[in-house]
């Protein structure tokens, strides 16, 4: 059995569900799907293209405006350089931030993969409905830390998982592209072991962290 993809803990618990085998880390409480159960990249991209994630979708835009008002605006000063990481085929959040005066870059491994991120640095990185799709959690957090300027903000949105015993009945893992799941304890582990300060979390799906 592989160690936890975030903290490296070796003794994880597992459950076999319809999507495959999920493993729970009692150290950081990350839950992840066994890599052998992942769908293909082609299937994953096709799934994303089924979503109505556009500026014309009023509910989708409202979700992002709420995210900005709660997880971004209270923690940033004047608009600076922002990276919308995992923006999807239409970068709606990036467009909303652009309208607010931010200098916006977008990156998505499927739809905007050409960006050379290692040469950039940002005041703000947004990562909305993305963390649940990333299997190598530690690599992601290391990458984000390297891209943020000192004092920079990471604003995330991903549904926090319930108690491990309740996980089989939770709706969020039924999407085959959702393979990694965080909760409040996972965020605590990150701030205890990485140079991030947790500024805000809503016990549901939003959080804001500042690079120390």
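Read-outs: derived from the displayed coordinates by stated rules, not from any lab. Keep in mind it's a predicted model, so treat the numbers as computed, not measured. All Cβ positions, glycine included, derive from the backbone under ideal geometry; neighbour counts span all protein chains shown.
Quick notes on this one:
- Here, the range 102-187 is characterised by an Rg to Rh ratio of 1.00, where Rg is the alpha-carbon radius of gyration and Rh the Kirkwood radius.
- Label-point gap, in nm, between residue 15 and residue 212 - each point 7 angstrom along Cα→Cβ: 3.3 nm
- Packing rank of 158-169, 185-196, where each peptide gets the mean count of other beta carbons within 10 Å, highest leading: 185-196, 158-169
- Extension gain, residue 166 back to residue 41 (0.36 nm per residue minus Cα-Cα distance, nm): 42.1 nm
- Sorting the segments 97-104, 120-127 by their residues' average number of neighbouring beta-carbon atoms within 10 angstrom, most packed first, yields 120-127, 97-104.
- Label separation (residue 52 vs residue 200): 2.8 nm, computed from points 7 Å beyond Cα along the C-beta direction.
- The range 50-155: C-alpha gyration tensor shape, a/c 1.5 cut-off, then a/b vs b/c: oblate
- Using 0.36 nm per residue and subtracting the Cα-Cα separation, the extra length available between residue 191 and residue 65 on full extension is 42.7 nm.
- In percent, rounded to a whole number, the relative contact order of the range 13-211 is 21, using alpha-carbon pairs under 8 Å and six or more apart.
- Acute angle (nearest 10 degrees) that the helix 184-193 long axis makes with the longest principal axis of the chain, alpha-carbon atoms: 80 degrees
- Helix-only mean residue ellipticity at 222 nm for the chain, each DSSP H run of n ≥ 4 adding -39500 (n - 2.57), per residue, nearest 500: -6500 deg cm²/dmol
- Degrees, to the nearest 10: 137-147 long Cα axis against longest axis of the chain: 20 degrees
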